[in-house]
Amino acid sequence: MRQSDIARLAGVSQTTVSLVLNGAPESAAIPEATRERVLAAARELSYVADPAALSLAKGNNRLIGVHTFMATFPVGASNTYYPYLAGVEEETARQGYDLLLFTGSAAEPNDGPVELPRLRMADGALLVGRRFALMGVEALLDSGFPLVYVGRHDELGERLPYIGADYVGATAELVRRLHGLGHRRFVYVREHDDAIASADRERGYREGAAAAGLAPDDATVVRTDGSDITAGTVARWLADGRTALIVEGGTDALAAALAVQRAAADAGLAFPRDLSLALAGERVGHECGAPVLTGFTVPRLEMGRQAVRLLVDLITGTPVPSGARQRLLACSPLDGETAGPPPGHT
């Protein structure tokens, strides 16, 4: 027996039948007489709801969706997103839920709905990616669907819950540490990306430089993917007294860090003997034999865990204080092997 048969007998639309039988919140607007007609027709036809379909409609399948706005699965342990996803999987199992993975795209998200309506197959969803489809996310929030972003995203103000990392504070502290070693002139190498994570790191760099009393010219910013960094580039920085180089530590910016290292080697310079190199982040999946870059560790595993816990609270209706819906976790200093006092500093 199908719902269309009930709709025919009761003289209503199939949508009305679905709302009544599934107990959807929207059914509260249906007149009581219409509701009784639908229920009477269902009894007369001996209709029995499909338990799986009913569970899915009510959003209590104990399924957590994960959607990435980039091609991510599968990933290796050296992938920046691997620790996030490992934390998500670990905490999801602990909470007694299963994961439903939605394939991402290598294409950049746009302002359209993309394929986000598919996320409704889960009870709620985690979102991962440096940029996202604004309209698609906003539409899901408008419908009351539980969402949590892994990473800071405030494009929708306080509407979108997230668990992020305090890149501003961590990068400012990195500048303070280098300044404490005696460095007075800096170069910050930033990728061309305008994602929030990139902007937060640059903001932290500028705040750290200002707190150290550095003049704007002593804390320059260079935007590059690393392809134009040569031995001459690094030699000119050093000749200009810029003894501390900080490279953005985002998803794609590691290429710039490697370019700086190669260029310095080509110029006969070594870290930290001649100048210092730091990463506004860390290199995930450190290569055997490569020096550990000075920087800070991002709590990716814990971000994944806390994102799941927050999402489960939203799914189950557990009260979440407004200040706990958007959280930034502290990063930890990473001493590394590539930073030290500038030459001649005592």
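Tabulated data for the structure shown
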| quantity | calculated |
| --- | --- |
| Sites Arg120 and Gln95 - FRET efficiency at Förster radius 22 Å, r taken between beta-carbons, to 0.05 | 0.65 |
| Where labels lie 7 Å past Cα in the beta-carbon direction, separation of Ser322 and Glu32 in nm | 3.7 |
| Largest-first ordering by accessible area, 1.4 Å probe, given options Leu21, Leu301, Leu311 | Leu301, Leu21, Leu311 |
| Label-to-label distance, nm, for residues given as Asp225 and Ser46 (7 Å Cα→Cβ offset) | 6.7 |
| 3J(HN,Hα) from dihedral phi, segment 145-156, Karplus parametrisation 6.51/-1.76/1.60, rounded to Hz, x for glycine, proline | 6, x, 9, 9, 9, 8, x, 6, 9, 10, 4, 10 |
| Summed residue charge, Cβ within 14 Å of Val88's Cβ, Lys/Arg positive, Asp/Glu negative | -1 |
| Cα convex hull of segment 152-293 - mean projected area over all directions, nm² | 9.0 |
| Arg206 - accessible surface, heavy atoms, 1.4 Å probe, Å² rounded to 10 | 120 |
| Test item: Cα-centred dipole of segment 205-346, Lys/Arg +1 and Asp/Glu -1 on Cβ, debye | 440 |
| Förster-model FRET efficiency, 25 Å R0, Arg309 and Leu141, C-beta, rounded to 0.05 | 0.80 |
| Computed label-point distance, nm, for sites Leu156 and Asp218 using a 7 Å Cα→Cβ extension | 4.4 |
| Burial ranking of peptide ranges 229-242, 163-176 (average Cβ count within 10 Å, highest at the top) | 163-176, 229-242 |
| Equivalent ellipsoid semi-axes - Cα gyration tensor, segment 217-264, angstrom | 17, 13, 8 |
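The values are calculated or read from the model by the stated rules, or taken from the named source; none is laboratory data. All values reported here derive from a predicted model rather than from experimental measurement. Every residue, glycine as well, gets a Cβ built from its backbone with ideal geometry; the counts of neighbours run over all protein chains shown. To get the accessible areas, we keep the full protein, side chains included, count just its heavy atoms, and leave off ligands, DNA and RNA. Shrake-Rupley method; radii C 1.70, N 1.55, O 1.52, S 1.80 Å.
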